[in-house]
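Okay, structure first, notes after.
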Amino acid sequence: MRVLVVEDEERLADAVAHGLRLHAIAVDVAYDGQDALDMAAYVDYDVVVLDRDLPEVHGDDVCRRLRECGGGGRVLMLTAAGLIRDKIDGLALGADDYLVKPFAFAELVARVRALARRSARAAAPPLERAGITLDPARRTVTRDGRQVPLNRKEFDVLRELLSAGGELVTSGELRRSVWDEYADASTGALRVTITSLRKKLGVPAAIQNVPGKGYRL
């Protein structure tokens, strides 16, 4: 799952991003509406956590333009405007959910995950290759009928490899899709995740390493 947090109060934006990352969610941050639109033009976010009162481009306009461009991501409006009329207006613009500040962080995480599940059910059929079946909606994986329990990063890496249909997926593409822009590639997070994923999938080995380039199924 990859989330875009759009909030002009930088301390709040960074705190929300940090908290979501602690829950194994990849997060990018935009501090104004124009940056949010620019980033959404290049990354297919699962969920956009969007403040309404933004500089450069107002949050309402960001929401409207995200919907006009046909993006599949869900929009969670996160704002201090908590009157019923405000909520109705936000939902009418195309927001999928609405959370009023101040908020309980556990509720924010739950709502983000619920929106991501709704997006997966609407857009992604099961993926199959080499005896592996991945169901994005239920977040389940089997190999030759055997359940394969994966953590979130392993699941997301496997989904990217399956989506490629046997074609090479570069290491950079995997990091951009599964981790966020602040992930430190020098930590070897991708390599560790691939190693663990191979062990859980079992034999015969399903993931091929193409040295210096990336991976394929």
For the chain, which whole-number percentage of the solvent-accessible area (1.4 Å probe, protein heavy atoms only) is attributable to carbon and sulfur atoms?
-> 50
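Show that you can apply the helix-only estimate: for the chain, add -39,500 (n - 2.57) for every DSSP H stretch of four or more residues, divide by all residues, and state [θ] at 222 nm to the nearest 500.
Details: 8 runs with 92 residues, N = 217.
Only helices count here, giving -13000 deg cm²/dmol.
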Any chance you could run the full-extension gain for residue 92 through residue 67? It's 0.36 nm times the residue separation minus the Cα-Cα distance, nm to one decimal.
-> 7.9 nm
Describe numerically, in nm with one decimal, the distance between label points set 7 Å from Cα along Cα→Cβ at residue 118 and at residue 56.
-> 2.7
Please calculate how many Å² of accessible area the chain carries per residue, with a 1.4 Å probe and no DNA, RNA or ligand atoms counted.
-> 50
Longest DSSP-loop-exposure-free segment, GluC sites (Glu not before Pro), the chain, at most 16 other Cβ within 10 Å | 57-166
In nm, spacing of pseudo-spin labels at residue 168 and residue 147 (7 Å Cα→C-beta vector) | 3.8
Taking a label point 7 Å from the Cα of residue 80 along the Cα→Cβ vector, which residues of segment 15-41 have an amide N closer than 18 Å to it?
-> 15-16, 31-33
Where does helix 152-163 land angle-wise versus the long Cα axis of the chain, in degrees 0 to 90, nearest 10?
-> 70
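For the chain, what number of Lys pairs, 8 or more residues apart or on separate chains, have alpha-carbon atoms under 24 Å from each other?
On the way: 87/101; 153/199; 153/200; 153/213; 199/213; 200/213.
Lysine pairs satisfying the spacing and distance rule in the chain number 6.
The values are calculated or read from the model by the stated rules, or taken from the named source; none is laboratory data. Just so we're clear, the structure is a prediction, and the values are computed from it rather than from any experiment. Cβ sites come from the backbone with ideal geometry, for glycine too, and all protein chains shown count toward neighbours. Accessible surface areas use protein heavy atoms only, side chains included; no ligands, DNA or RNA. Shrake-Rupley method; radii C 1.70, N 1.55, O 1.52, S 1.80 Å.
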